[in-house]
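Visitor: One structure coming up, written as structure tokens, with questions to follow.
No lab work stands behind these numbers, since they all come straight from the coordinates. The structure presented is a predicted model; accordingly, all values stated were derived computationally and were not measured. Cβ coordinates were reconstructed from backbone atoms using ideal geometry, including for glycine residues, and neighbour counts include every protein chain displayed.
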Amino acid sequence: MTNPNVNFKDRLRALRNLPAFFKLVWASGRAMMAINIVLRFFKAAIPFLLLFVGKLIIDRVVHLNQTHDAFAESYLWKLVAAEFALALLSDGLSRAITLMDGLLGDRFANHTSVRIMEHAGLLDLDQFEDATFYDKLERARQQTAGRTILLSQVMSQVQDLITVGFLAAGLIAFNPWLIILLIVAILPAFLGESYFNDQTYALSRRQTPQRRELDYLRYIGASDETAKEIKMFSLSRFIIDRFKALSDKFYLDSKRIAIKRSIWGTLFALLGSLGYYGAYVFIIQQTVSGALSIGELTFLAGSFRQLRSLLETILSRFTSVSQGAIYLSDFFDFFKIRPRIQNADRPLPFPDPIQQGFTFENVGFKYTNSERWANRHLHFTLHPTEKLALVGENGAGKSTLVKLLARLYDPSEGRILLDGHDLREYDLNDLRKHIGVIFQDFLRYQMTFSQNIAAGNIDEQTNKELIYRSASQSMADELAGKLPGGYEQMLGRRFAEGVELSGGEWQKVAIARAYMRDAQLVILDEPTSALDARAEFQVFERFTELTQGKMAVLISHRFSTVRMADRIIVLDKGEITEIGTHEELLAKGGRYTELFELQKMGYQ
């Protein structure tokens, strides 16, 4: 993680990020980048040329006042025409550069957004459940749009440095001490800006977790997904008060730095003005004494004024550029995060069909930064064609177990075998392709009805026959017939003409995803909790028929559904306490019987 307290050395070190940054920019738009560089080079020479032509014009005017030379007058108008052409060229180049910056910035933002999504797709599930990782992800996302400004700043910095080179050459030829005076005058302002930018950066880094909370509060305080509960429990004032407390604190912290910055900035600007007018007085004296012409006076005064302005801009922008380069560390740090779950060097293909099944050998799993075991001492075999049910109270480790089975997690201890080989030896994509999972917290995509189902096997999104069949198997086809747009109806309220579904209707759509792939193992992790008892029974009855000859794991709190499984595993605090058929477990009179009787009482 980048140190929130940065100094000048840190800023210089951060500039090492710029080559990698420009490599990304170049990859996002080579032609536009090349054109931008050429345009800025020509633009950099124009301020010097305008001042020099202006000097020639003034000297020519003074000469004409004294001699009335016709040839000199003709030359004067040519100089005026040249200055006019330079002015037009300068305006045209400025507009072209702005256009290129905007287009290249958009290309870069899109390119890096894709890169972030691609890399995020490679990372492990438990990494997304870690707050530190999520802060890095959030900062990387922020760099996607914000770094387009850095691109323009760095290009402008190079352009201005070229301009400074032209103007400084003129001043040095006259008197090198003016350059030294200029640097001494503006250096304090640069150091001040650098200091206060460091303070702003450190504050921003410290506030990252709280700003995520602020965004969350802003979302739940005004969202169609939360409005019902917010109104019902009168939570609006609580959320607003929490938002105001956080936002007011951010405001006061920023205000404190801004006030100090303004006061010191005023003092440093005064020093700059004294340096500029000191040089100006010296140039005027030289002109009065006859050492300089009127044209040279205007050229040198204009050069000094522009140099002062450019150097102030360059030094100030250096702070912003180095600041942006430091923020780039956040961006590149995200890409340094590597997934722990990876393919073996020579992965095995998924067995088709499965011969022996999945075997858990003393498997345990512990979440990152957690001392508690989510699962431990898991030892059982899921046989081919077997239907296995997982039972236990919330937090017993049921969902973690199925995530281990699908290799969304790797065991912290022990191992999982598939047909005698460690699950880590199999090709990861092939493994997940042969496993169909619907989780209890499935996503409700703000997409069409058809796309919501096709999400289960997106490679088959154009296979209408498969989508229709999957909908029929999950009993979602009846719902499609009621929608105004049928299978092309947009779901959710986020977009125009979208239709919101009930919880039970969404679950039928989600279950259809499991039928989109010809999986050898199908896992249903409480996806029917929003269905009534009859509808859930029908879904699982259909599920049992459709998974004949396949392996299946189901999690449900309803024992009427659980008893349909071949075997039942009872979990408590992450460990297996009982395993057997419905009848065998009832006969034992253990934890399963206790849970069964409690539910039975609820129906009496």
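Visitor: Given a Förster radius of 60 Å and the C-beta distance between ARG305 and HIS421 as r, what FRET efficiency does 1/(1 + (r/R0)^6) yield to the nearest 0.05? Walk me through the intermediate numbers first.
Guide: On the way: r = 76 Å, r/R0 = 1.27.
Calculated transfer efficiency: 0.20.
Visitor: Rounded to the nearest 0.05, what FRET efficiency is calculated for ASP459 and ILE149 with R0 set to 41 Å and r the Cβ-Cβ distance? Show your work: numbers first, answer last.
Guide: Details: r = 38 Å, r/R0 = 0.94.
Calculated value: 0.60.
Visitor: Net charge around ASN394, counting only other residues with Cβ within less than 12 Å of its Cβ (Lys, Arg = +1; Asp, Glu = -1)?
Guide: Working: positive: LYS398, LYS573; negative: GLU393, GLU526, ASP572.
It works out to a net charge of -1.
Visitor: If packing is taken as the mean number of other Cβ atoms within 10 Å per residue, what is the order of 236-247, 363-374, highest first? Each step should come with its number before you reach the end.
Guide: Numbers: 236-247: 13.3, 363-374: 15.8.
With the highest mean Cβ count within 10 Å placed first, the list reads 363-374, 236-247.
Visitor: List the lysines whose Cα lies under 29 Å from the Cα of LYS255, skipping any in the same chain that are fewer than 8 positions away.
Guide: LYS9, LYS136, LYS244
Visitor: Rounding to the nearest 10 and keeping the result within 0 to 90°, find how far the Cα-based axis of helix 503-514 lies from the longest principal axis of the chain.
Guide: 90
Visitor: For a label point 7 angstrom out from the Cα of LEU49 toward its Cβ, which stretches of the stretch 298-316 have the backbone nitrogen within less than 14 Å?
Guide: none
Visitor: Taking 60 Å as R0, compute the FRET efficiency from the Cβ-Cβ separation of GLN599 and LEU203 and round it to 0.05. Kindly include the intermediate steps, with their values, before the conclusion.
Guide: Working: r = 53 Å, r/R0 = 0.89.
With R0 = 60 Å, the Cβ-Cβ based efficiency is 0.65.
Visitor: Pick out, from PHE318, GLN356, THR287, the residue whose Cα sits farthest towards the positive end of the charge dipole of the chain, with +1 on the Cβ of Lys and Arg and -1 on the Cβ of Asp and Glu.
Guide: Toward the positive end, the furthest listed residue is THR287.
Visitor: Taking K and R as +1 and D and E as -1, what net charge do the other residues with C-beta under 13 Å from the C-beta of ILE57 add up to? If you can, show how the numbers build up before the last one.
Guide: Details: positive: LYS55, ARG60, LYS78; negative: ASP59, GLU73, GLU83, GLU296.
Here the charged neighbours net out to -1.
Visitor: OK, next. Consider just the alpha-carbon atoms of the stretch 87-218 and return their Rg together with their Dmax, both in angstrom.
Guide: So, for the stretch 87-218, Rg and Dmax equal 21.4, 67 Å respectively.
Visitor: Expressed in nm to one decimal, what extension gain is obtained for the pair LYS78 and ASN175 from 0.36 nm per residue of sequence separation less their Cα-Cα distance? Write down the numbers at each step before the final one.
Guide: Details: separation 97, 0.36 × 97 = 34.92 nm, distance 3.02 nm.
So the chain would gain 31.9 nm between LYS78 and ASN175.
Visitor: Same structure again: Taking a quarter of the surface of the Cα convex hull of the stretch 1-135, what do you get in nm²? Numbers along the way, then the final one.
Guide: Working: hull surface 52.5 nm².
The number I arrive at for the stretch 1-135 is 13.1 nm².
Visitor: Could I ask something else about it? Provide the gained length on full extension for the span THR385 to ARG218, in nm with one decimal, where the gain is 0.36 nm per separating residue minus the Cα-Cα distance. Before the final figure, lay out the partial values.
Guide: On the way: separation 167, 0.36 × 167 = 60.12 nm, distance 4.85 nm.
My answer for the length gained is 55.3 nm.
Visitor: Could you list, in their original order, any pairs among LYS43/LYS78; LYS55/LYS78; LYS433/LYS482 whose Cα atoms are separated by more than 24 Å? Don't skip to the answer; put the middle values down first.
Guide: Values: LYS43/LYS78 22 Å; LYS55/LYS78 14 Å; LYS433/LYS482 32 Å.
Table pairs above 24 Å Cα-Cα are LYS433/LYS482.
Visitor: So, how do all the Cα-to-Cα distances of the stretch 8-336 break down into 10 Å bins, in percent, from 0 on up?
Guide: Per 10 Å bin, starting at 0, the Cα pair percentages come out as 5, 18, 23, 22, 15, 9, 5, 2, 0, 0.
Visitor: If you don't mind, there's one more thing I want to ask. Using only the alpha carbons of the chain, what is the convex hull's orientation-averaged projected area in square nanometres?
Guide: Details: hull surface 152.4 nm².
Computed as one quarter of the Cα hull surface, the answer is 38.1 nm².
Visitor: Given ALA185, ASN110, ILE58, which one lies farthest toward the positive end of the charge dipole of the chain, if we put +1 on the Cβ of every Lys and Arg and -1 on the Cβ of every Asp and Glu?
Guide: The listed residue farthest towards the positive side: ILE58.
Visitor: On to the next question. Spin-label point model (7 Å from Cα, Cβ direction): what's the PHE335 to ARG30 distance in nm?
Guide: In this crude label model, PHE335 to ARG30 measures out at 1.8 nm.
Visitor: Rounded to whole Å and sorted largest first, what semi-axes of the equivalent ellipsoid does the C-alpha gyration tensor of the stretch 442-518 yield via the square root of 5 times each eigenvalue? Display every interim value, and only then the final one.
Guide: Details: eigenvalues 63, 30, 27 Å².
Equivalent ellipsoid of the stretch 442-518: 18, 12, 12 Å, largest first.
Visitor: How much length is gained if the chain between PHE42 and LYS244 is pulled fully straight, taking 0.36 nm per residue apart and subtracting their Cα-Cα distance, in nm to one decimal? Don't jump to the answer; show the numbers that get you there.
Guide: Values: separation 202, 0.36 × 202 = 72.72 nm, distance 5.01 nm.
Going from the current span to full extension adds 67.7 nm.
Visitor: Give the relative contact order (percent, whole number) for the chain; include only Cα pairs under 8 Å separated by 6+ residues.
Guide: Working: 791 pairs, mean separation 89.7, N = 604.
Normalised by residue count, the contact order of the chain is 15 percent.
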